[in-house]
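Taking it in order: structure first as C-alpha cells, then the write-up.
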Amino acid sequence: MKGFSVLLIAAAALLAPQVQANADLAKKYNCLACHATDKKLVGPAYQDVAAKYKGQADAAQALAAKVKAGGKGVWGPVPMPPNNVPDEDIKTLVAWVLAGGK
C-alpha cells in the first residue's frame, strides 16, 4: 500500500504543472474574461460544460470547433465570438475544460 501512495503522489506532482499550464493558456487567450471554473460569468462554468458533454465521444472535436468559430444559443442568448487560438492550444484548453477546469 505504501508503494501505491508514493505512486499517487508522484502522479499528482507530474500533473500539477500541466493543470497550471492549462489555466495559464486560459488566461493567455482571455477565456477567463467570460468563463470561470465553478460559476457562470458571461459564459458557462467549465464544470457545467464538462457535465453537459460528459460521455459524448465527439465532445472534444465539437468544443474545439466552437472555440475556433464561436457559437450561440447553446448556453443562452449571449454569443461566444470566434477565437484566434492555435489548434494545438485549443486541444489543450478543451481537454482542460472537459475535465472541469481541473
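Read-outs: derived from the displayed coordinates by stated rules, not from any lab. Keep in mind it's a predicted model, so treat the numbers as computed, not measured. All Cβ positions, even for glycine, are placed from backbone atoms using ideal geometry, and neighbour counts span all protein chains on display.
HN-Hα J couplings of the range 64-74 from phi, Karplus 6.51/-1.76/1.60, θ = phi - 60°, integer Hz, Gly and Pro as x?
4, 5, 5, 4, 5, 9, x, x, 7, x, 6
Sorted by average packing, counted as other Cβ atoms within 10 angstrom per residue and highest first, what order do 54-61, 90-97 take?
Packing proxy ranking, top to bottom: 90-97, 54-61.
For the pairs Lys66/Lys102; Lys66/Lys91; Lys28/Lys54, note any where the Cα-Cα span goes beyond 23 Å.
Lys28/Lys54
Take the range 17-98, drop everything but the C-alpha atoms, weight them equally and run the Debye formula without solvent; then report log10 I(q)/I(0) at 0.15, 0.16, 0.26 Å⁻¹ to two decimals.
Each listed q corresponds, in turn, to -0.48, -0.55, -1.68.
When only C-alpha pairs under 8 Å and at least 6 residues apart count, what is the relative contact order of the range 38-102, in percent?
Reported relative contact order: 42 percent.
Sort 62-68, 38-44 by the packing proxy (mean of other Cβ within 10 Å over each peptide's residues), most packed first.
62-68, 38-44
Report, by chain and number, residues whose modeled amide H sits under 5 Å from the one on Thr37, excluding near sequence neighbours (fewer than 5 apart, same chain).
Under 5 Å from the amide H of Thr37 lie the amide H atoms of Tyr46, each far enough along the sequence or on another chain.
Which whole-Hz couplings ³J(HN,Hα) result when phi for each residue of the range 92-101 is put into the Karplus expression 6.51 cos²θ - 1.76 cosθ + 1.60, θ = phi - 60°, listed in order with x for Gly and Pro?
The phi angles translate into 5, 5, 5, 4, 5, 4, 5, 8, x, x Hz.
Kindly write out, for the range 38-55 in residue order, the coupling ³J(HN,Hα) from the Karplus curve 6.51 cos²θ - 1.76 cosθ + 1.60 (θ = phi - 60°), rounded to whole Hz, with x marking Gly and Pro.
10, 8, 6, 10, 6, x, x, 5, 4, 4, 5, 5, 4, 5, 5, 9, 4, x
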